[in-house]
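Peer 1: So that we are looking at the same thing, I have put the structure below in structure tokens.
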Amino acid sequence: MPPSPDFPYDVFLSHNRADKPRVRRLAERLKAAGVRVWLDVWNVGPGDLIALKVDEGLEQSRVRLLCISPAALASGWVALERSTAVHRDPANAGRRFIPLLLGDCSLPESLRRYMYANLHIE
């Protein structure tokens, strides 16, 4: 994925706190491969408004990877990030939204129409 001057970040990792260790390992692998990653623990500092920083991260990232797990599907925050991505480009014409399955779970109807990447990170 060549860097884009239009986006400071190549990927935004949307995930649930319960999946943080696995997602952080993924972020470190991507970063080591030269991918510019937006991850909350790297981009939200003390005193920052979390919602504002997340919104900035979503806007500044070329691709949104939705890390799907049972915990993520139960999270209101992840649902908000998911709906933001889906509603901005419902047909995903720009291929800016990629569901990434971290574990066994039943996908909601709104995600079944997208091809997902199946990645079980140990």
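Peer 1: Quick one: in region 28-73, which of the residues that are touching a residue at least 24 places away in the same chain (Cβ under 8 Å) and of a type in the set (Gly, Ala, Ser) is surrounded by the most Cβ atoms within 10 Å (Cβ to Cβ)?
Peer 2: Among those residues, the one meeting the criterion is 72.
Peer 1: So, residue 18, is that one modelled with pLDDT of 95 or more, surrounded by 12 or more Cβ atoms within 10 Å (Cβ to Cβ) and among the small types (Gly, Ala, Ser) or not?
Peer 2: So residue 18 fails the test.
The values are calculated or read from the model by the stated rules, or taken from the named source; none is laboratory data. Because the structure is a prediction, the values reported are computed rather than measured. Don't worry about glycine lacking a Cβ; one is built from the backbone with ideal geometry, like all the others, and counts go over all protein chains shown.
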